[in-house]
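Visitor: Structure incoming, see below.
The values are calculated or read from the model by the stated rules, or taken from the named source; none is laboratory data. All of these numbers come straight from a predicted model, not from anything done at the bench. When we count neighbours, we look across all protein chains shown, and the Cβ atoms used for this are built from the backbone with ideal geometry, even at glycine.
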Amino acid sequence: MRHWHKRVAVGSFFDLSEADQAAEWNDEDNADEFAFLIAKDGEYWNLDSFIRAESGRYDGVMGLTNTSAIGVVLSHDCESAVIQYFS
């Protein structure tokens, strides 16, 4: 089993770099309405891609393949989160 975790900030479209904003805008006309999980290294994930988990360890899960996913645990103030990749 492989896994990693990162502490990320919860931000908006406007917290992304200009290049990332352009890429998101091309994919989605209403990208400026989305929240993003943004790591210090510039990697980011659209919070809208996560499915809410009603119980368990994670607040949301995003499937990547049939054997891997990313789970997110949001802070109480929803300004930061921890994401964990597992396969």
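Visitor: From the residues in the range 68-78 that are crowded, with 16+ Cβ neighbours inside 10 Å and not small (G, A, S), which one is nearest to V10 (Cα to Cα)?
Guide: Among those residues, the one meeting the criterion is L74.
Visitor: Looking at (1) loosely packed, with under 12 Cβ neighbours inside 10 Å; (2) hydroxyl-bearing (S, T, Y); (3) at pLDDT 95 or above, find the lone condition where S12 falls short.
Guide: Against the list (1) loosely packed, with under 12 Cβ neighbours inside 10 Å; (2) hydroxyl-bearing (S, T, Y); (3) at pLDDT 95 or above, S12 comes up short only on (1).
Visitor: How many residues does the range 67-78 contain that are polar (S, T, N, Q) and either modelled with pLDDT of 95 or more or closer than 13 Å to F50 by Cα (or both)? Talk me through it step by step, then tell me what you get.
Guide: Going residue by residue through the range 67-78, those that are polar (S, T, N, Q) are 67-68, 75.
Subset that is either modelled with pLDDT of 95 or more or closer than 13 Å to F50 by Cα (or both): 68, 75.
The number of residues fulfilling the criteria is 2.
Visitor: For the range 15-24: of the residues being within 14 Å of W45 (Cα to Cα) and exposed (fewer than 14 other Cβ atoms within 10 Å of the Cβ), which is modelled with the lowest pLDDT?
Guide: A23
Visitor: Out of S80, S55, report the one residue that is in contact (Cβ under 8 Å) with a residue 40 or more places away in the chain and of a type in the set (S, T, N, Q).
Guide: Details: S55 fails: in contact (Cβ under 8 Å) with a residue 40 or more places away in the chain.
Checking each option against the conditions leaves just S80.
Yes/no per residue for (1) surrounded by 13 or more Cβ atoms within 10 Å (Cβ to Cβ); (2) among the hydrophobic types (A, V, I, L, M, F, W, C); (3) under 16 Å from F13 (Cα atoms):
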position: E33; (1), (2), (3): no, no, yes
position: W45; (1), (2), (3): yes, yes, yes
position: E54; (1), (2), (3): no, no, no
position: G63; (1), (2), (3): no, no, no
position: N66; (1), (2), (3): no, no, no
position: S80; (1), (2), (3): yes, no, yes
